[in-house]
1. Tell me, what is the 1.4 Å probe accessible area of B:Ser112, in Å² to the nearest 10?
2. Filter the GluC sites (Glu not before Pro) in segment A:1-67 to those in DSSP coil with at most 11 other Cβ atoms within 10 Å of their Cβ, and list the result.
3. Check each of the chymotrypsin sites (Phe, Trp or Tyr not before Pro) in segment A:66-105 and keep only those in coil by DSSP with at most 15 other C-beta atoms within 10 angstrom; list them in order.
4. Accessible surface of A:Leu96 in the full protein assembly, 1.4 angstrom probe, to the nearest 10 Å²?
5. Hey, got the average number of other protein chain Cβ atoms within 10 angstrom for residues in B:213-219?
6. Taking every residue in B:106-112, how many Cβ atoms of other protein chains lie within 10 Å of its Cβ, on average?
7. Over the protein assembly as shown, what is the percentage of antiparallel beta bridges among all DSSP beta bridges, to the nearest 5?
8. Using a 1.4 Å probe on the heavy atoms of the protein chains only, list every residue of segment A:122-144 that has 40 Å² or more less accessible area in the complete assembly than in its chain alone.
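The values are calculated or read from the model by the stated rules, or taken from the named source; none is laboratory data. Being a predicted model, the structure only gives us computed values, none of them experimental. For neighbour counting, all protein chains shown are included, and Cβ atoms are generated from backbone atoms with ideal geometry for every residue, glycine included. Keep in mind that these areas ignore ligands, DNA and RNA; they rest on the heavy atoms of the full protein, side chains included. Shrake-Rupley method; radii C 1.70, N 1.55, O 1.52, S 1.80 Å.
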Amino acid sequence: MNYEFDWFYVKKGLPQLIEGLWLTLELTLWANVIGLVLGFLVAIGMLSKVKAVVWPLTAYIEFFRCTPALIQLVWFFFCIPILFNVWWSAEFMGILALGLNLAAFNAEAYRAAIQAIPHAHTDASTALGLNALQRIIHVILPQALILALPVLITNGIGIFQQSALVALISVEDLMYQGRYISTQTFRPIETLTTVALIYFAVSFPVSQAVTLIERRTKRLLAN
Amino acid sequence: MAFVEIDGLVKRYGSLSIFEGFDLHMENADRLVLIGPSGCGKSTLLRCMMGLEDIAGGTIRLGGDGYIQGAEDGRMTLDKRVQKDVGMVFQHYTLFPHLSVLGNLCLAPVRSRGVKKSEAKDKALGLLERFGLAERANFYPSQLSGGQKQRVAIARALMLDPKLMLFDEVTSALDPELVVEVENTMMELAEGGMPMMIVTHDMHFARSIATKVVFQERGKVIEAAAPDDLFSNPQQERTRDFLRNVLHIAG
């Protein structure tokens, strides 16, 4: 290989990359707000015994889990305006698609955690005179949330990485800025490596934190 | 009328029948220990009394005013006073792991009885002091030994001033050296006059804590007598067989 590295344009473009990173973080934040709240509501609905509630929710979860995030995003961007005659910004469509995708995965994480709480705790709460609602609010849900926490964070940081897809619908995120600089300057190696390292620098500490959190929650919930 | 009256209890799991007309009475001053081969329905009986199982027939009158009336269609009548008057401790520690010891003790009084937080806390600290667990008040269950967990579970049940305590094999999951501290706590409660029903496989403990021992087999009471009589001079052939087996294994 006879390649001479030249970092000049990357240095020059750094403010632009940072600007892209901010937008990426903003997308991630809002997608996580949707994912955490909607995912929770969907999980609660999934535990209902009413089939008219469970079936549509199952369809929603499976659809988002079994199709590529890329097609979901592109479908939202191109099809929703035509189908519903609404013209929302590309950023908003990106947040919506990523958020719904995340909510589907988070719903499964919440549901699995709720179902993992030993039935003995329900018996013990009943023996203590707690009614069904009190059991759920004070005994089952707090434990389930602690149990689900590592998975929720992992899913959340996964969406940070997946958000790079929005560059394809011309949202000016970190990925978009990186591609823009690399084609403008003919320096793809330097630029794209830098972009990858920025994604890594944000994700890695979070994934390390998840390992620590997981160890602590396991210890707390061990019986 | 006896303190506890179980009449004609019917309990089935699908096609498996546990009780078909089970009767048992207990007086206020009694500490009744249930013994018998595993699968004979000892734990199920306690669970029925606590209102944790649907019963298909019979009535259970408990402690104060609570009662449970079985029904074939699965719609038994459960008087809520049952859970108010009866406390239960389970085999597997059922402390809530996300709450501290104090949190475990105060949850039910504060949430289901509307006791003031400060009052519940004072009472909890008093109980923990009595059980020698005062310095563990702010620990989480994961930081306690098995014996400590069971003693906290007993304290948690006592927070609600039960008129009757049920103990379902509370030492079975413990390491042998931790059994004694839990049994001592139960003895202390017994000395304080708490009526109890206890399921245990520990015959020595049964003999020392019981005022009455009930030998049960296949959903029937085979023999019920004072502990000295039942252990030293069992009247029924099946009681003798059972005791010979468990005491031989234990000794």
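1. 40 Å²
2. Values: sites: A:Glu4, A:Glu19, A:Glu26, A:Glu62; in loops: A:Glu4.
Loop-located and lightly packed - A:Glu4.
3. Values: sites: A:Trp75, A:Phe76, A:Phe77, A:Phe78, A:Phe84, A:Trp87, A:Trp88, A:Phe92, A:Phe105; in loops: A:Trp87, A:Trp88.
Answer by residue number: A:Trp87, A:Trp88.
4. Here the residue's solvent-accessible area equals roughly 40 Å².
5. The shielding value for this peptide is 0.
6. Values: counts 0, 6, 8, 2, 1, 11, 8.
Mean partner shielding for this stretch: 5.
7. Details: 23 of 39 bridges.
Beta bridges within the protein assembly as shown, antiparallel portion: roughly 60 percent.
8. In segment A:122-144, residues shielded by partner chains: A:Asp123, A:Ala124, A:Thr126, A:Ala127, A:Leu128, A:Leu130, A:His138.
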